[in-house]
Amino acid sequence: MATGINIKELFGEEIDSATELCLKVFNEFEAPEYTKYGAEEFCRFIRNRGFISLLRYFGAFDGERMAGIIAIRGGCHIALFFVKGEYHRQGIGRRLFERAKKECGEKITVNSSPYALKIYRRLGFKETDGEQSVNGLRFTPMEYQEVKTG
C-alpha cells in the first residue's frame, strides 16, 4: 500500500497533466488490445476540450508527482481512470475510486476497457451487458451499487 499519497481535485493545468498521464498509461497498457483505429479514436476523445470540460478530475499525488487520476461526469459515471504502471497494485486506484464514491453516491457506472475488467470487478462492479465496440473503442458496460447494511 502506497503511503504518503494525497488525493485532490484537479483544476487548470493539472487537467492537462492528467490527460498526458492517461495517454501514457493507455499507450502502455490499453492500446495493445485495440486496433490502430481504436487507439487513434481514444487519443481524439481524450483531447476533445468539450468533453474534458464536462469532467471532474481527481488526482493521486506522490509528493508533487501525479501517480493516477479518476474523472467522473454527470455525477455518477467514471469517464477516465488511470494509474501509472510503477504505482499499480499499491492501493492507489482503490483510493481514487473511494474518492469518486464520495462524489457519486451509491450507484456508479463505467464502460470498462478489456484491460480494466478485472480491476473493476475487484472494486465491486458488475457487468450490465456484453463487450461492445464503438468507433474502434472496446468496452463492457458495468455498474457499482453500494450495498447498504442495516
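Give the residue list of GluC sites (Glu not before Pro) in the range 32-133 that are DSSP loop and have at most 11 other beta-carbon atoms within 10 angstrom.
Values: sites: Glu33, Glu40, Glu41, Glu64, Glu86, Glu98, Glu103, Glu106, Glu127, Glu131; in loops: Glu64, Glu106, Glu131.
Taking the range 32-133 and a limit of 11 other Cβ atoms within 10 Å, the loop GluC sites (Glu not before Pro) found are Glu64, Glu106.
What's the FRET efficiency of Cys43 with Gln132 using the Cβ-Cβ distance as r and R₀ = 30 Å, to the nearest 0.05?
Once the sixth-power term is evaluated, E becomes 0.95.
Considering only C-alpha atoms, what is the centroid distance from the range 111-148 to the range 8-74, in Å?
A separation of 18 Å, based on Cα centres.
Cα to Cα, under 14 Å, and not fewer than 8 places away if on the same chain: which aspartates and glutamates meet these conditions relative to Lys102?
In chain and number order, the partners are Glu9, Glu146.
With unit charges on the beta carbons (Lys and Arg positive, Asp and Glu negative) and the dipole taken about the Cα centre of the chain, which residue among Ser133, Val147, Ile46 sits farthest to the positive side?
Projecting each Cα onto the dipole axis, the largest value belongs to Val147.
For Lys36, which lysines qualify as cross-link partners when the Cα separation must be under 20 Å and same-chain residues fewer than eight apart are set aside?
Hits, sequence-local ones excluded: Lys24.
Measuring from label point to label point, each 7 Å out along Cα→Cβ, what is the Tyr115 to Glu20 span in nm?
If labels sit at Tyr115 and Glu20, their model points lie 1.9 nm apart.
Using a probe of 1.4 angstrom, how much of the accessible area of the range 1-84 is carbon and sulfur, in percent?
53
At 7 Å along Cα-to-Cβ for each site, give me the label-to-label distance between Leu54 and Glu86 in nm.
Label at Leu54, label at Glu86, 3.5 nm between them.
Hey, can you find the accessible area per residue of the chain for me, probe 1.4 Å, expressed in square angstrom? Provide the component values of the computation, followed by the final result.
Values: 8160 Å² over 150 residues.
Each residue of the chain exposes 54 Å² on average to a 1.4 Å probe.
Give me the dipole magnitude in Debye, nearest 20, for the range 26-143 about the Cα centre, with unit charges on the beta carbon: positive for Lys and Arg, negative for Asp and Glu.
Working: 20 positive and 15 negative charges, 64 e Å.
Its charge dipole is roughly 300 debye.
Please sort by residue number the trypsin sites (Lys or Arg not before Pro) in the range 96-150 whose DSSP state is loop and whose Cβ has at most 11 other Cβ atoms within 10 Å.
Numbers: sites: Arg99, Lys101, Lys102, Lys107, Lys118, Arg121, Arg122, Lys126, Arg138, Lys148; in loops: Lys148.
Passing sites in the range 96-150 are Lys148.
Among bridges DSSP assigns within the chain, what percent are antiparallel (round to 5)?
95
The values are calculated or read from the model by the stated rules, or taken from the named source; none is laboratory data. The model shown is predicted, which means the values in this text are computed figures rather than measured ones. Cβ coordinates were reconstructed from backbone atoms using ideal geometry, including for glycine residues, and neighbour counts include every protein chain displayed. All accessible areas refer to the heavy atoms of the entire protein, side chains included, with ligands and DNA or RNA removed. Shrake-Rupley method; radii C 1.70, N 1.55, O 1.52, S 1.80 Å.
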